[in-house]
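The values are calculated or read from the model by the stated rules, or taken from the named source; none is laboratory data. Owing to the predicted nature of the structure, the values given are computational and were not obtained by experimental measurement. Positions of Cβ are generated from backbone atoms using ideal geometry, with glycine treated the same way; all protein chains shown enter the neighbour counts.
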Amino acid sequence: MKINYDIKDKFDFIMFAAVLALFTFGLVAIYSATVTHPTAYGNFQKQLFFGGFGLVIFFFIYFLPSQLIRLSAVPMYVLSIFFLIAVLAVGKVISGSKSWFSIGPFGFQPSEFAKIGLILFLAYWLSDSKRDINSVKDIVLSLAIGLLPIFLIILEPDTGTAIVLFFITLVMIFWAGISLFGLFVVLSPGIVTFSSLFGTASLIITLIFVIIALVIFKRNLFTSATIFVVNLAASFFFDYGVRFLQPHQQKRISSFLDPNADPLGSGYNALQAKVAIGSGGIIGKGFLQGNQTQLKFIPEQWTDFIYCVVGEEFGFVGSIFILVMFLIIFLRLLRLTSHTKDTFSSLIVIGVLTLLLVHFGINIGMNVGLTPVIGLPLPFLSYGGSSLLANLVLMGIVFNIYRGKKHYQ
């Protein structure tokens, strides 16, 4: 009994089982979506290979001395920046984005591994005892660490991954102990920019709330005026920034606001995904029996729209099962943040949790029409070797932290 206790105390079998369940369900859905496809038939075998290889890396990282995780933070960040620059120079263009290196039959996407580099280095930076996260200098430097890879990824362009890194940066800074006012200063321009998507009335209401918040915080007139001007500028520069997006990305924003505006174009995937999920009913149409899936109504549904394959063929039961598995992972990660032995480890766990939550929220939202179609895979389910490997590497780091966590009675 003592041996069993020690094993459970060093390895989170519940979270690992949830990850394996999602990966297995993903393999089933990928097979269904590609088995009759003329060009994607081999994707199932590739995903199986990357899953097996990723699990080997997972256990390798799990057994590493914990000190090596900290020592790898700076090199991983520097290496990820190097690859992001290199891909802009010699990368392969796929779907309008220059974000891939071709290695024989496989592809390597540096932006996926930039997530690892950012989480490790930002945790390393913020956990330094010399940092004062509420000082202007350290807030700016912390934001710069996140904005550098975000800027390079936007140049590809890969809006979805840039959004993920942005959220990771903000949440990790918040977790490091930034004050409520500091968080407001960091977040408000983004909120104002987002509100401008929905028209002038929405923008004005948001700016009014900004003014109210500034009054409540009771800062000096110069500071309050400067923050308001920054927010106002963010709203005016939004239209200018949209011009840098690719035409298909601009159409995705328009179709998010009104999917029926272009039902055969930019809004097609979102509408068909909702049809697929809705047609699954309670228990689904059965494996390999989905009309939307087998008749290929949704292009490349084994990637960003894998959830609609599950919804159509396994119905409400299958869809809820996926949600429950993710919920288990999220709750176990959240619990681990309070059981870690140091700030560095806690920041890594919250960074991984943020990454998975943002992917989960946006991807599921895309499938049910609640968020724009911006090209984010569903972790552990969607086809993609780079994404799967990056997620398994991060989970290996998390489980390494779990192995050395501080014990509470």
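Can you pull out every residue in region 163-175 that is more than 9 Å from the chain's Cα centre (by Cα) and crowded, with 23+ Cβ neighbours inside 10 Å? Correct list: 169, 172, 173.
Table: residues versus (1) under 19 Å from residue 151 (Cα atoms); (2) aliphatic (A, V, I, L, M).
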{"residue": "17", "(1), (2)": "no, yes"}
{"residue": "29", "(1), (2)": "no, yes"}
{"residue": "32", "(1), (2)": "no, no"}
{"residue": "55", "(1), (2)": "no, yes"}
{"residue": "59", "(1), (2)": "no, no"}
{"residue": "66", "(1), (2)": "no, no"}
{"residue": "85", "(1), (2)": "yes, yes"}
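Identify, from the list 90, 78, 56, 74, the residue that is more than 21 Å from residue 118 (Cβ to Cβ) and modelled with pLDDT of 90 or more. Just a single option satisfies the conditions, and that option is 56.
Which one is surrounded by the fewest Cβ atoms within 10 Å (Cβ to Cβ), of the residues in region 101-134 that are modelled with pLDDT under 95 and of a type in the set (Val, Ile, Thr)? Only one residue tops the list, namely 103.
For region 323-340, state whether one or more residues are in contact with a Pro (Cβ under 6 Å, 6 or more places away or on another chain) and not basic (Lys, Arg). The answer is no; no qualifying residue exists. Of 238, 228, all but one fail to be in a helix (DSSP H, G or I), out of contact with any Asp or Glu (no Cβ under 8 Å at 6 or more places or on another chain) and at pLDDT below 80; the exception is 238.
Check every one of the helices (runs of 4 or more DSSP H) wholly within region 1-81 and list those with 1 or more residues that are more than 27 Å from residue 111 (Cα to Cα) and in contact (Cβ under 8 Å) with a residue 60 or more places away in the chain.
2-10, 13-34
Against the test of being more than 30 Å from residue 228 (Cβ to Cβ) and out of contact with any Ser or Thr (no Cβ under 7 Å at 6 or more places or on another chain), the options 91, 117, 160 yield a single qualifying residue, 160. Scanning region 286-300 finds no residues that are within 19 Å of the chain's Cα centre (by Cα) and either of a type in the set (Phe, Trp, Tyr) or surrounded by fewer than 23 Cβ atoms within 10 Å (Cβ to Cβ) (or both). Answer yes or no: is there a residue in region 366-375 that is over 16 Å from the mean Cα position of the chain (by Cα), assigned to a helix (DSSP H, G or I), touching a residue at least 60 places away in the same chain (Cβ under 8 Å) and under 20 Å from residue 111 (Cα atoms). There is no residue in region 366-375 that is over 16 Å from the mean Cα position of the chain (by Cα), assigned to a helix (DSSP H, G or I), touching a residue at least 60 places away in the same chain (Cβ under 8 Å) and under 20 Å from residue 111 (Cα atoms).
Annotation: of all residues in region 51-77 being of a type in the set (Val, Ile, Thr) and farther than 19 Å from residue 347 by Cα, the one that is surrounded by the most Cβ atoms within 10 Å (Cβ to Cβ) is 57.
Please work out which residue is surrounded by the fewest Cβ atoms within 10 Å (Cβ to Cβ), limiting yourself to region 36-50 and to residues that are closer than 16 Å to residue 305 by Cα and at pLDDT below 85. If we take residues in region 36-50 being closer than 16 Å to residue 305 by Cα and at pLDDT below 85, then 37 is surrounded by the fewest Cβ atoms within 10 Å (Cβ to Cβ). For residue 99, state whether it is in contact with a Leu (Cβ under 7 Å, 6 or more places away or on another chain) and either farther than 21 Å from residue 53 by Cα or among the polar types (S, T, N, Q) (or both). So residue 99 does not fit the description; no. All of (1) part of a loop (DSSP other than H, G, I, E, B); (2) in contact with a Lys or Arg (Cβ under 7 Å, 6 or more places away or on another chain) hold for residue 390 with one exception: (1). Of all residues in region 325-352, those that are within 21 Å of residue 118 (Cα to Cα) and of a type in the set (A, V, I, L, M, F, W, C) have Cβ atoms under 7 Å from Cβ atoms of residues that are assigned to a loop (DSSP other than H, G, I, E, B) and at pLDDT below 95, 6 or more apart or on another chain, in 336/405; 344/127; 347/127; 347/176; 349/340.
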